[in-house]
Each structure stands twice: as structure tokens, then as C-alpha cells.
Amino acid sequence: MTLAPINWRRDVFSRTMLVCLFTGFASGLPLYTLINLLPAWLRSEGVDLKSIGLFALIGLPYTWKFLWSPLMDRYTLPWLGRRRGWMLASQLALLASLALFGLFQPREDIWSIAALALAVAFFSASQDIVLDAFRREILNDAELGLGNTVHINAYRLAGLVPGSLSLILADHIAWGSVFLITALFMLPGAAMTLLVKEPRLAAHSPKTLREAVVEPFHEFLTRQGWQGALWILGFIFLYKLGDSMATSLATPFYLDMGYAKSQIGLVAKHAGLWPAVAGGLLGGLWMLRLGINRALWAFGVVQVLSILGFAWLSSFGHFSQVGAEQLGMLAVVIGFEALGVGLGTAAFVAFIARSTHPAYTATQFALFTSLAAVPRTLANAATGYIVDSIGWTSFFFLCTALAIPGMMLLVKVAPWGDDPAPQQA
């Protein structure tokens, strides 16, 4: 295979990549609020670890979003077009619902908080359906690797708000103000929605609800065959299982190790973000040269090995005092893990996008990403019980072992260097 030269200005600094930057930020903010800020809030207010772990079940909308994705493929709201209309509606709903968290008290209103978190997850999953379809429709096959890398890096950048800024603010102002400020960061995504154009492929929308529901599944099974389809679905389920579980209780883990909320905000989150951003951008550019299949192999190995760093850190136990040495250890471990996960996720999302057919983008993309969310939702719900039973160190070794089966399936779904030809709508 001839490797094409990389043109930074053409490939990175294009208008399409700028749009991917905004889609990633808008997509990441609500999820990071649920998985980082919400557990930190509950833990700091005295909610037990088992209850926090069960909050992973609020992610069920991410798992089942393919059930209502055909409606977003079939029907168009009376403003802005099929994709942009749904984008704006979900973004405004997220802005309002995120701000409402500050009205509750964790000890007295835990069930109300759970219900609101479920609503946020539903609006967030709905936004992801249309953002994923929109992004797939503005990117050609050659741009999938880099475009999805930019999206994922912006997704991680969005984690700076609930995972860093909001935690720092929580040490100085009331939680109600923290959640309001966090919610306002949905506005850039809404502004992007108002400024972009409707994708050209939107003209191929399904004409009936039956077509929107049945044809995406029929097309996928016809194109791949039953056996090929099962291999792909199994791979999508397993590839991110290990690192998803390893990071599901990351913030409570840092707190249990003895780190303060401000230290987590200033050190841990930044150490996790910037290596992922730098590595992700390099990974996206490498994918232009390597192809998606080779990237899945190479980046997946780094992803698996990086989980072991948490096992090493947890072996030291709770730190009675946290100094520069302990902060440095945390930064190195999280930085390497973020690099591995960032690289693996970039290749994984590009693979999912490539596996969709342009005529049925929203439903097929939602099906695949819903399946990928199953371990984050169901397996992660048990992580609190697992940690209570076996401890943090054994838990991270278990997560490493659970990452191996997904890598083994690459032999079937993404043979080294054997990338398929682009699809036609």
C-alpha cells in the first residue's frame, strides 16, 4: 500500500474539521457531567460507593438509542432541516436539564437526581444520534479517521469543564452555581448548529417509517452476511470493554487514593486530556497513512497496556499526604492511559463510521454505538461491587484481562492492512 503524504493545512485546518471540533465538544459535555461531575458531587456529599456505581445504569439510553434513531432518520422538525433541527432541540434540552441538578440535595433527593440524570442521558443519547449521522454525512471515507479523531479530541476537551473547571469551582461556590455554569457550555454547540448547512445526503432520507426501521438492518445483514455481522457486533461490544470499566469509577478512585478535588481538577484531568489530544491528532494523521485496520491493531495494544498503570498506582494504597511525587505518579499513569484510550477510540469510532451505509447513517451508527455503550452501562454498574469485593488493584488487572478478547477479534473484522473499498450511497 502506498502511503499518502500528510498535508497539515489541508487535512487538519479545514472547515469540516472545525465542525467536527464543535460536534465533539457538544457531545462530550453531558456525558462527562454524568460520569465525572455527578459521581464527584455525590461522593463529596457522602453518598456510598455502591450507590454511585449503580448510577451507571442511567446510561441505558446510550445502549438503547437505536430504538428511536429511525424516528430521527424519518421525521424532520419544522425548523433548520432533518439533522440540524434535532441537533438544536436536543442541545437546548440538555442545557436546561443540566442546570436543574443544582436544585437538589444528594442525601434527600437521590431518586430525583437519578431521574434527572436519566433524562440528561436520554437527551445526550439523542444528540449523539444526530451528531454522529451529521458528521458521517459531511466526511468522505478518506476523512473518517481524522474527522473522528478531531471529534473525539474535542469530546475529551469538553471533559475539562465538568472534570476540571467545575470541580475547582465546587471548592469555592455552591453546587447550584457549578451546574448552571456547566450547562452554559452547551451554547457553543447550539451556535454551531445554527451556522452550519444541512448535509447534502439528507436528501436520501427514508420515505416511510418502515423503511427507516427495517432497511438499515436489512442492508447491514445483506452486505456483511449473518456470520460477518455477528463478528462485527461482537467486536464492537468487546473492544472497549476493559478500558470502559477501568475508567468508570475514575474520580471516586482518585478520591479514595487521597487526592483532593482541586488536585484532581488541576493535575489528573489535564494529565489525562493533553496526551489524549496530542496522541489522538497524531493517531488521526497516522490513520491517513496506515488505514483504519492497522490503526486498530497498533492503537489497541497501547490501549490494553495502559490500563496496567492504574493497577500499579493502586498498589500503593491510600496516600495520607499527597505531595509532588504522588501527583507526578498520578499524572504519568493517567497520561499514558489517556494516550492509549485516545488512540484506540479514534480508530474504533472510525471503524464504526466506515461500517455504516451512507443511506442509513443515523440508525446504523446508533445501533453500533449503542452496542458499544452496553459495557459502559451494564458492566460498569457492577464495578462498585467488584471493587468492594476484590479491591482496586485486582479490579484493574481484571479490566486488563477483559480487554484481550476484543483484540483477538481483529483477526476476523479488521485483518492487518486489508481495508475495504469506500461505499457508495
query = Tell me, in nm to one decimal, what length is gained between residue 388 and residue 140 on full extension, where the rule is 0.36 nm per residue of separation less the Cα-Cα distance?
reply = 84.6 nm
task = Output the relative contact order of the chain, whole-number percent, from Cα pairs under 8 angstrom with separation of 6+ residues.
result = 29 percent
key: Probe 1.4 Å, all protein chains present, accessible-area order of 50, 207, 65, largest first   = 207, 50, 65
Centroid-to-centroid separation of region 352-382 and region 175-245 [C-alpha atoms, Å] = 7 Å
ask   = Given charges of +1 on the Cβ of Lys and Arg and -1 on the Cβ of Asp and Glu, with all other atoms neutral, how large is the dipole of the chain about its Cα centre, in debye to the nearest 20?
value = 920 debye
request  = Take every Cα-Cα pair in region 289-425 and report what % of them are more than 17 Å apart.
outcome  = 68 percent
key: Radius 13 Å from Cβ of residue 75, net charge of other residues (Lys, Arg +1; Asp, Glu -1)   = +2
message = Among the listed pairs 50/240; 197/240; 50/412; 207/412; 207/240, which have their C-alpha atoms separated by more than 30 angstrom in this model?
response = 197/240; 50/412; 207/412; 207/240
ask   = So how much accessible area does residue 58 have, in Å² to the nearest 10, using a 1.4 Å probe?
value = 20 Å²
query = Charges only on Cβ, +1 for Lys and Arg, -1 for Asp and Glu: so what's the dipole of region 40-180 about the Cα centre, in debye to the nearest 20?
reply = 280 debye
key: Cβ-based charge dipole, region 40-181, positive-most Cα from 110, 123, 158   = 123
inquiry  = Could you order the peptides 317-330, 246-259 from most to least packed, using the average number of other C-beta atoms within 10 Å per residue?
reply    = 246-259, 317-330
key: Vicinal HN-Hα couplings computed from phi for region 382-395 (Karplus, 6.51 cos²θ - 1.76 cosθ + 1.60; Hz; Gly/Pro x)   = 8, 4, x, 5, 5, 4, 4, 7, 10, x, 5, 5, 5, 4
ask   = Can you tell which of 22, 385, 85 lies farthest toward the positive end of the dipole of the chain, using +1 and -1 charges on the Cβ of basic and acidic side chains (Lys, Arg; Asp, Glu)?
value = 85
Probe 1.4 Å - accessible area at residue 74, Å² to nearest ten = 60 Å²
ask   = Of the accessible area of region 214-367, with the probe set at 1.4 angstrom, what percent is carbon plus sulfur?
value = 70 percent
query = If you line up the Cα atoms of the chain on their principal axes, what length do they span on each, largest first, in Å?
reply = 60, 47, 41
ask   = What accessible area per residue comes out for region 190-345, rounded to a whole number of Å², with a 1.4 Å probe?
value = 42 Å²
remark   = For residue 65, the aspartates and glutamates lying under 20 Å Cα to Cα, once residues fewer than eight places off in the same chain are dropped, come out as 73, 128, 132, 137, 211, 215, 219
query = Most fluctuating residue of 84, 210, 289 in a GNM of the chain with Cα springs under 10 Å: which is it?
reply = 210
message = If you count only protein heavy atoms with a 1.4 Å probe, what accessible area per residue comes out for region 14-118, rounded to a whole Å²?
response = 40 Å²
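The values are calculated or read from the model by the stated rules, or taken from the named source; none is laboratory data. Here the structure is a predicted model, which means the values were calculated and not measured. Methodologically, a virtual Cβ is constructed for each residue, glycine included, from the backbone with ideal geometry; neighbour enumeration extends over all protein chains shown. These accessible areas exclude ligands, DNA and RNA; they are computed on the full protein's heavy atoms, side chains included. Shrake-Rupley method; radii C 1.70, N 1.55, O 1.52, S 1.80 Å.
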